[in-house]
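Asks: Have a look at this one.
Read the figures in this text as sums done on the coordinates, not as results from a lab. Since the model is a prediction, treat every value here as computed from it, not as a measurement. All Cβ positions, glycine included, derive from the backbone under ideal geometry; neighbour counts span all protein chains shown.
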Amino acid sequence: MSEISIIELNDDEIIQHAAGILETRLRYRTSEDLNEPFSTPQVAKDFLRLKLAELPHEVFAVLFLDNRHRLIHYEEMFRGTIDGAAVHPREVVKASLKHNCAAVILAHNHPSGVADPSRADEALTRRLQEALGLIDIRVLDHLIVGGTETLSFAERGLI
């Protein structure tokens with residue numbers, strides 16, 4: 001993209017373009033890379049903050065990963081309202097099998113800007129871990145994006 005076209009873009013278009021570049025970089029890493037794309041929660045936090053932080057409604061997304069934690073596919077699976085989204089574990093399992101992934105990172109945003117998990121968030125995470133565990137797919141993390149703050153279930157010891 002040339003300098004002139006970047007100047008003509010608004011903030012949302014620039015963020016969308018940056019997220020696309022980051023997704024491409026994460027998807028096409030090779031095994032020779034020194035750092036695996038999703039080897040730490042911070043890498044996933046940075047990626048998901050770009051994707052979800054500005055949305056005015058709740059979205060539940062899944063990062064489907066191979067056995068080296070490289071991105072196979074990012075999908076916003078469920079869209080909700082300003083304070084919730086219905087998530088169907090069956091659909092997450094179906095999509096995981098479709099993408100032939102070895103692991104997933106779950107994510108959703110809180111349009112309120114507060115990244116603290118609710119009891120429903122914790123229960124859903126356990127339910128998805130159980131369902132995906134039956135087919136040998138690991139849940140590496142569940143991230144909640146609330147404005148500029150992103151909470152990691154793994155870092156909090158909730159996974």
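Asks: For the stretch 45-60, take each phi angle, set θ = phi - 60°, evaluate the Karplus expression 6.51 cos²θ - 1.76 cosθ + 1.60, and give the result in whole Hz per residue in order, putting x for glycine and proline.
Replies: Computed from phi, the couplings for the stretch 45-60 are 4, 4, 4, 6, 4, 5, 6, 10, 4, 8, 5, x, 9, 7, 10, 9 Hz.
Asks: Given points 7 Å out from each Cα along the Cα-Cβ axis, report the ALA120 to GLU76 separation in nanometres with one decimal.
Replies: In this crude spin-label approximation the distance works out to 1.9 nm.
Asks: Testing the spin-label approximation: label points 7 Å from Cα along Cα→Cβ at SER112 and ASN67. State their distance in nm.
Replies: A separation of 4.2 nm, rounded to one decimal place.
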